[in-house]
Each structure stands twice: as structure tokens, then as C-alpha cells.
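Undergrad: Sharing a structure, written as C-alpha cells. Questions coming.
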Amino acid sequence: MEKKEEFREFLRQENLRVNLISRRSFDRTFFYLWEISSEILRALEPFSSLVDVGSGGGFPGLAIKLMAPEKRIVLVEPRKKKADFLRRAVERFSLENVEVVEGDFFLFHKIYCHSSFDYLTAMGIKRKESFIREDCQYIKKGYCFVTGESEVKRLLSHGKVKKYNTEVRKISGRDKIFLVIIRKWEKS
Ligand SMILES: C[S@@+](CC[C@H](N)C(=O)[O-])C[C@H]1O[C@@H](n2cnc3c(N)ncnc32)[C@H](O)[C@@H]1O
């Protein structure tokens, strides 16, 4: 069975005990989140590492790891049940070079401040600009946020974002969801 199908079945079972993604429209939500994760992977290549803040049911960080097992991925999730799920997934799919941080972004920030990642991703969390920290230069290439229309406007006008090169991409098949890619080479 291909990885996507194996993960769908695994997540379907896990979703019965932990509320990870919509139960009522499980398949539709799964395919949608898998497709977004795949778009992020394509949009950020080439890269070798990323941190995904608020991984929840595994999107996009764990899905990217399943699609591209050679990448180094850190999954940050403060809720114990969800972090346990992520750890079970890592074990079930025998994934290496992946870490689950059970805590919020600030715990990650404290632990990994002297580490180095190409990208930081976040989807489904508010105030994503707070993940752009100028006091630690551990994110080398940039950030990729999945977000709605009004959040795009707010992000693009934020002082932390304005000085970098930004790209806004529409998610295929969705009118109001966008990828905001902030590339860390400063505007000349
Ligand atoms: C709406 S869910 C989205 C999950 C997943 N990224 C997705 O889109 O399917 C938001 C997740 O972010 C986590 N979260 C909220 N605030 C956070 C923070 N400050 N740092 C890390 N994770 C956070 C929550 O526990 C939750 O699992």
C-alpha cells in the first residue's frame, strides 16, 4: 500500500480516540490536508530540514516526512494526546531523523535556539508572525504559513514580514486559503 493510504488508515483509527481532524468529513479533510502538505513540499524545495509548529494531526510536518523521508523534521505540539499520536506515527512508519517536541513554540525556541533549520511551517494557528524571531537566527531560508485571506493581508503588512521577499500562492481548488512563503533573503 502506498504511504498516503497507509497513513490515511492509521489516522482514521487514531482519530477515533484523539480528535485530530474532522471525523464527519474525514476523507475529504485528509485529502485536502495531504494535498496542501504536498504543495508546501514542492514550493519549498530544495531544503533539507524544517520545523512544523502546531502539527496536530500531522499536517503539514508529518505528511511531508512521509513524502520525503530524507528530510529532518521537528514536530512541535503542546497537547499531550496529539504529541502521543505523533510519536506513535513516528514509530508505526519507522521514521528516522524526526523529533516530536511536546510543548509550544516557546519551548521549541528555547531548546533549538542554537540549532539550524531551513524552514518553519505553521497551519491552523493564529498570530503566526510570533514564530518569526529575530533574536535567534535558526531559521535559515524562511517561513511557510497556510492561512486565510484576511490573515494574508495582516501578515504582509507586518513589520517583521515586510523586509523579506514574500510570495502568496493560491491553494488549488480553494478560493480563500493561501500559502504565504516568506523567503529570508532581504530586499535590496
Ligand atoms: C487547528 S490545529 C491545526 C493542526 C494542523 N497544523 C492542521 O492544520 O491540521 C492547531 C494546533 O496547533 C497547536 N498549537 C496552538 N498554539 C501553539 C503554539 N503556540 N505552539 C505550538 N503549537 C500550538 C494546537 O495544540 C493544535 O494542535
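Undergrad: In the stretch 1-39, which GluC sites (Glu not before Pro) fall in coil by DSSP and have 11 or fewer other Cβ atoms within 10 Å? Display every interim value, and only then the final one.
TA: Numbers: sites: GLU2, GLU5, GLU6, GLU9, GLU14, GLU35, GLU39; in loops: GLU2.
Here the GluC sites (Glu not before Pro) that fit, given the DSSP loop and packing criteria, are GLU2.
Undergrad: Also: Nearest 20 debye, what's the magnitude of the dipole of the chain about its Cα centre given +1 on Lys and Arg Cβ and -1 on Asp and Glu Cβ? Show your work: numbers first, answer last.
TA: Details: 38 positive and 27 negative charges, 124 e Å.
Charge dipole, the chain, about its Cα centre: 600 debye, nearest 20.
Undergrad: Right, here's the next one. In the chain, which cysteines lack any other cysteine Cβ under 4.7 Å from their own?
TA: Cysteines of the chain left without a disulfide-compatible partner: CYS144.
Undergrad: Using a Gaussian network model on the chain with a 10 Å cutoff between Cα atoms, which of LEU44, LEU107, LEU75 fluctuates the most?
TA: Top of the fluctuation ranking is LEU107.
Undergrad: Return the sequence-ordered ³J(HN,Hα) values of the stretch 41-50 in whole Hz as given by the Karplus equation 6.51 cos²θ - 1.76 cosθ + 1.60 applied to θ = phi - 60°, using x for Gly and Pro.
TA: Running phi through 6.51 cos²θ - 1.76 cosθ + 1.60 with θ = phi - 60° gives 4, 5, 5, 8, 4, x, 7, 10, 8, 8 Hz.
Undergrad: What are the residues whose amide H is under 5 Å from the amide H of ILE125, where those residues sit 5 or more places off or on another chain and H is modelled from the backbone?
TA: Those lying under 5 Å, H to H, from ILE125: there are none.
Undergrad: Tell me the net charge near MET123. Cut-off is 13 Å between Cβ atoms, MET123 excluded, with +1 for each Lys or Arg and -1 for each Asp or Glu. It would help to have the intermediate numbers written out before the result.
TA: On the way: positive: LYS126, LYS128, ARG174; negative: GLU35, GLU39, ASP52, GLU77, GLU151.
Here the charged neighbours net out to -2.
Undergrad: Can you sort ILE36, ILE73 so the residue with the fewest Cβ neighbours within 10 Å comes first?
TA: Numbers: ILE36 20, ILE73 25.
Lowest to highest Cβ neighbour count: ILE36, ILE73.
Undergrad: Express as a percent, rounded to the nearest 5, the fraction of DSSP beta bridges in the chain (both residues included) that run antiparallel. Show your work: numbers first, answer last.
TA: Numbers: 14 of 33 bridges.
Taking every DSSP beta bridge within the chain, about 40 percent pair in antiparallel fashion.
Undergrad: Add -39500 (n - 2.57) for each DSSP H run of 4 or more in the chain, then divide by its residues: what number comes out at 222 nm, to the nearest 500 deg cm²/dmol?
TA: On the way: 7 runs with 74 residues, N = 188.
Here the helix-only value at 222 nm equals -12000 deg cm²/dmol.
Undergrad: At what distance in nm do the modelled label points of ARG169 and ARG127 sit from each other, each positioned 7 Å from its Cα along Cα→Cβ?
TA: 2.9 nm
The numbers here are math on the coordinates, done by the rules we state, and not lab data. What you see is a predicted model; the values in this text were computed from it and never measured. Reconstructed Cβ throughout: ideal geometry from the backbone, glycine too, with neighbour counts over all protein chains shown.
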